[in-house]
Amino acid sequence: MFGGTKDEDEGLPGPVVLSLVLLGAMFGMAAPADGGWWPAPAALVALAVQAVHCLPWTTRLRGAWTPAAQLLLAPWSGVPGFAAASVLLLVRRPVRWVLFALVVAGAAVLAGDTGHLAANGASNALAQGLTVYALTRLFHLYAELHAARDQLAAAQVTQERRRAARELHAAIGVPLAAVLRLAADGDAAAVAATARRAAARVRATPEPPRPADPPDGPTPAPVLPVLIAVHLGYLAAGLALLADLDLAPLHLAVAIGALTVVTGLQVHHSLPRPPGVHPPGYRWTWALQCALAVAVLFGPAGPHPQLLAFAAASALVLLPPAAGWPAFGAAVLAAGTVSGTAAVDVVTIALVYYGLTLLTTLVHRVREAHRALAELAVARERRRIARDVHDLLGSGLTAVAVTAELALREPAAEHLPQAAALAERTLAELRAIPADHTELDLDRELASTKALLAAAGIDLRLTGTPGTTPAEARPLLAAVLREGVTNLLRHSRATHCTLTLHPEGLHLTNNHPHPGPHHPGNGTPNLTARAGAFGASLTTGPTPPDHWTLDLKVRGAAHRPSRA
């Protein structure tokens, strides 16, 4: 489901930790409000049903019966917020929000007929329902993004190939079409000139533009409104509880002020931010939050210990794990000195806000990983296309130009039809390059080499056949042979050359070195990169007394199919 544990390798929580955070928060919600920490049987059943609705790998267990069961359990489970969350998760819009409001209203009725109890029941159902919904949606979104980490890269590569196809057609396809028309008209000079200009354009290597930023993945849209609503729900529940404590006016005002400030600071700490970005002045705001929480918790007739829970949640959100978890444990122990229920509340509320913040951060990080992966894939594809254009089209156009120039010198020979045939071959390769289908055939390349060298008056001494070479290396051998012959025609005045095909690769030598000074382009580096990707080695350069040699060795390489 999650496609590996890459995030765990990067020090980020994996799916198991995320599941425990989600289940821990829901377990705390299911705990009885009147004391104790273990949920009642009906609450345990409601918790199990809610787990089916929340965890990504329980999809097959869901059905019409699960939300119905959750709604039926709401009056007895004591956790109507689970039913509210299930409605949001499983019912389609806009009906789900209407049903959600009805469940919250029903929770107010179930809580009691007094204003304080009804408000507390409604606010708890609202906060719990929205919290479980947001945690589940973010958990699923993280799982979907993690599982589909290669899809965005593939989409960006497809877009890049379409762009390259358009640009190649304009830059090379149009001149090749012109070459075919001119060859049909018998204009060898124009064919040669057009092919030379196109070849020069191909062999130039302008810096490619920076890959466009890929579109953002799904945005965790529910985070901000749900965070605000959950904070307001807990604030309303705290105010309702304070109203029931019959505090003196001064104590009540202080408690309300502390509750409001601590809740506001929690909003400040929990707002969605990019990974690694902390809220302004978070050290001071967290210290103030802790001081107020502890002071009110141990004050006379203090309010609900959710203030300490907010401080514990902020510790998990703001501090490194080595400091955050001990601070969280200290807050739980401090609440435990008041009551077991207080400790459970601290655990529940802290896990809720930690889970929301953690999942938001993970979604951001997975999205950034997708962005980087897409940019890397596009850059790799651009290098591949540029290499193929240079090696295949540049060599093909040079061969067209050389053959057309031969037609000018020997009008009676069949050089011009051969130039047209080479142009058609190059045009076919042009169409195949963006789709990554340009795998050369060594037999055809050898036949073309013989014809080109014979037309140029260069004697070819051939030893071996394509069948003597490793089958998986033949596309690479064909690319090396094409570039070597093209360089021979472009840069030397050789009268003969020797080509040896053998089980270890090929060896090409001509009897005239490149005239100096020669400034090599990208042909040899491209071929070296091809050979290196295959696990082979390529060497080229002058050899005494006056020869130029190109040698490719594939023996001992990790042979595998390699697109040349």
Restricted to the stretch 417-440 and to residues being buried (at least 23 other Cβ atoms within 10 Å of the Cβ) and part of a helix (DSSP H, G or I), the residue farthest from the chain's Cα centre (by Cα) is 419
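Can you tell me how many residues within the stretch 441-465 are part of a helix (DSSP H, G or I) and of a type outside the set (Val, Ile, Thr)? Talk me through it step by step, then tell me what you get.
Step one: of the stretch 441-465, the residues part of a helix (DSSP H, G or I) are 442-455.
After this cut, where a residue has to be of a type outside the set (Val, Ile, Thr) as well, the list is 442-448, 450-455.
Number of matching residues: 13.
Given the criteria crowded, with 17+ Cβ neighbours inside 10 Å and modelled with pLDDT under 80, does residue 513 qualify?
yes
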Subset of the stretch 174-216, residues assigned to a loop (DSSP other than H, G, I, E, B), of a type outside the set (Asp, Glu) and modelled with pLDDT under 85, comes to 204, 205, 206, 208, 209, 210, 211, 212, 214, 215
Could you please let me know if residue 333 is modelled with pLDDT of 80 or more and more than 24 Å from residue 18 (Cβ to Cβ)? yes
Flagged pairs (Cβ under 6 angstrom, 6 or more apart or on separate chains; first in the stretch 315-338, under 19 Å from residue 273 (Cβ atoms) and surrounded by 15 or more Cβ atoms within 10 Å (Cβ to Cβ); second of a type in the set (Val, Ile, Thr) and modelled with pLDDT under 85) are 317/357
Out of (1) part of a strand (DSSP E or B); (2) surrounded by 17 or more Cβ atoms within 10 Å (Cβ to Cβ); (3) at pLDDT below 85, the one residue 508 does not meet is (3)
Picking from 102, 61, the residue that is over 38 Å from the mean Cα position of the chain (by Cα), assigned by TED's automatic domain parsing to the domain that holds residue 336 and surrounded by fewer than 16 Cβ atoms within 10 Å (Cβ to Cβ) would be 102
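Given the criterion modelled with pLDDT under 80, of a type in the set (A, V, I, L, M, F, W, C), part of a helix (DSSP H, G or I) and farther than 30 Å from residue 422 by Cα, identify the matching residue among 229, 301, 221. Break it down stepwise before answering.
Numbers: 301 fails: part of a helix (DSSP H, G or I); 221 fails: part of a helix (DSSP H, G or I).
So the residue among 229, 301, 221 that is modelled with pLDDT under 80, of a type in the set (A, V, I, L, M, F, W, C), part of a helix (DSSP H, G or I) and farther than 30 Å from residue 422 by Cα is 229.
The values are calculated or read from the model by the stated rules, or taken from the named source; none is laboratory data. For clarity, every value in this text was computed on a predicted model and none was experimentally measured. Cβ: placed from backbone, ideal geometry, glycine included. Neighbour counts: every protein chain shown.
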